[in-house]
Every structure is written in structure tokens, then in C-alpha cells.
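Okay, so here's the structure we're looking at.
The values are calculated or read from the model by the stated rules, or taken from the named source; none is laboratory data. No experiment lies behind these values; they were computed from the predicted model shown. As a convention, Cβ positions derive from the backbone with ideal geometry for all residues, glycine included, and neighbour counts pool all protein chains shown. Accessible surface areas use protein heavy atoms only, side chains included; no ligands, DNA or RNA. Shrake-Rupley method; radii C 1.70, N 1.55, O 1.52, S 1.80 Å.
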Amino acid sequence: MSFPTPGQIVRDPLDRIIPTLSTISLDTFYQVTFSFGKFGTWYKGSSSSLGLDVKRKMSLLCAEAELPGTSYAVSTAIGHYQGIVETFPNLRQFPPLNLTFYVDAEHIIIDVWEQWMNYINPVNNTKQLNAFSRFKYPDSYKEVLHVTKYERGGIGNNPGFKPGMYHYEFINVWPTNVTSMKVNYGQSDVLKCSVQLAYDRYFTSKTPSAGASSNSTAQAAPTATAGDIVNRTPAAFNTDKLPSVVTNEYYNNFGDNTQNSTNFGDFTSGKNTGVFGQAVG
């Protein structure tokens, strides 16, 4: 294949390229789902007094997440060809997954990670001089976690555009590091907890956009609503039951008032507001 000629350079009229340029993915639309199958084994805390399931609360308070990258460890071969050094893929490497949470007033977010790490390497006779620790078997504490990247529909000059979603499933997840959290007597700010997790591998699946063709073997389920995104159960992430599109514009996004999203200020402004900032009472 040769280099493009001047006639092959993109020179389409503006009205033909605007639909593509106006449908750019935004980093504020995502959902982290803690599909923990062994949660009751290593977490012995109580549910939130505010009526939310602990895993649901963790999902809502996950302020930052990462879509994973990947790389190869390479091997080199010298001498197969005169003066040429060849490289070949060896092992596939996965970087750690980093999550950041807003810490709730009940401190459940901190308690979950503390109990998980304590379960992995519990200390016996904790307060005695002869205290000792012994690691648990990995199959008792490694979990599954899902990250979904989705978009809002009807963007820009494409009011009928209904984008699909991209799903990441992390296998054998466990926490390796919970960062320290600084507190002080200065100006108040939201306390955040950052966690680093290791995992063995991840798998991806894609829910196609409405009306778009797909070669995937996954079957599209009925149209999903914003409520489905927030209330998704782990079973809904089976690749044969993926939702097709997101139709409403309520999102798990704190601090962005320009995108019809849930604004963290709605919960701290002192106003009597309900879900997604709707007035109550």
C-alpha cells in the first residue's frame, strides 16, 4: 500500500464530517459495578443506614476509574538477518486498576477496603505480643469487577443517535494498595480514598449502537434506561444479555453541570433534593 495521493486526502464538505466529529466519547459517563460473588465471606459490616446496598453505594461514590491498558513483554532475536534486530511478543502484561472514591459520612468505603485487606492477611492474637499472620487462599478473596463506558444519545447534530456501550470484565481482582488520606484543620474538602487493584486479565464486549450492524455473537437485550445503568446486577453483565442503548440523560457524574449529570453539589448545597437533584418534600 502506497502513501495517499493528494486526491485521497480527506476534503469532505463540513456537513458530512460534523456527524463524526460531534459524536466524541466523554470521560464522565461510566459505571463501575462491584460484581463480588464472595462479598459476604470477607466483609462483615452492616448495610448503609441510608437504605443503599453497600456495593450499590460503592458504585455511586466511585469518583474516578480507569479503562485498562495492556502491553507485551518482548523477546529479541539477533542474527536471523544481517544487521536486523527482530522483536516478538512474549507475555501480555496488565497494569493495575486504580479507583478513587468519595468517602461517605458512615465511612463504609474505608471499612470495605480495610476488611478486604485484613481478610487476605489476617492477624491472629492481634493485640498480643505473639501476634502472627497467615495468608488466605486466593480463591477465597479474589473477585470480579465490571467497568462500563457509555455515552449520552442525541449529541450535537445527531439528535437520533443512540450509542452503544463498551464493557470491561476484570477477573480475579484484589486490592494491593489503599493510599493514605490526608485530613487537616484547613479549608474543608471532600475526603477521597484511592485504591489500587491487581487482576489476572480482563475481557471486553461491546453493545452496538442502535441500528448499527455488528459481527459480535452477543445478543442485544431490550433498550436500557438510566435506571438500569445505576441498578444493574452482576448477572446483567453476561455477554448474552448486554443492554443495547442508554436513552435517558441521568448519569453518575459529580461536578459537571454542563451535561445534565448528577452533580455532587446537589447533595452538599443544603437544598432539600432527592435523586438526581429533584426537589422533594
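Using only alpha-carbon positions in the range 59-202, the gyration tensor eigenvalues give semi-axes of 35, 30, 16 Å once each is multiplied by 5 and square-rooted (largest first).
Could you please state, rounded to a whole Å, how far the C-alpha centre of the range 186-203 is from the C-alpha centre of the range 91-153? Here the answer is 11 Å between Cα centres.
Checked against a 28 Å cut-off, the cross-linked pairs 38/182; 57/182; 182/206; 142/162; 55/136; 162/192 give Cα-Cα distances beyond that limit for 38/182; 182/206; 142/162; 162/192.
Taking label positions 7 Å along the Cα-Cβ direction at both residue 16 and residue 180, the computed distance is 6.0 nm, reported to one decimal. Normalised per residue, the accessible area of the range 1-85 is 69 Å², obtained with a 1.4 Å probe and no contribution from ligands, DNA or RNA. A probe of 1.4 angstrom, applied to the heavy atoms of all protein chains, finds residue 107 with accessible area near 100 square angstrom.
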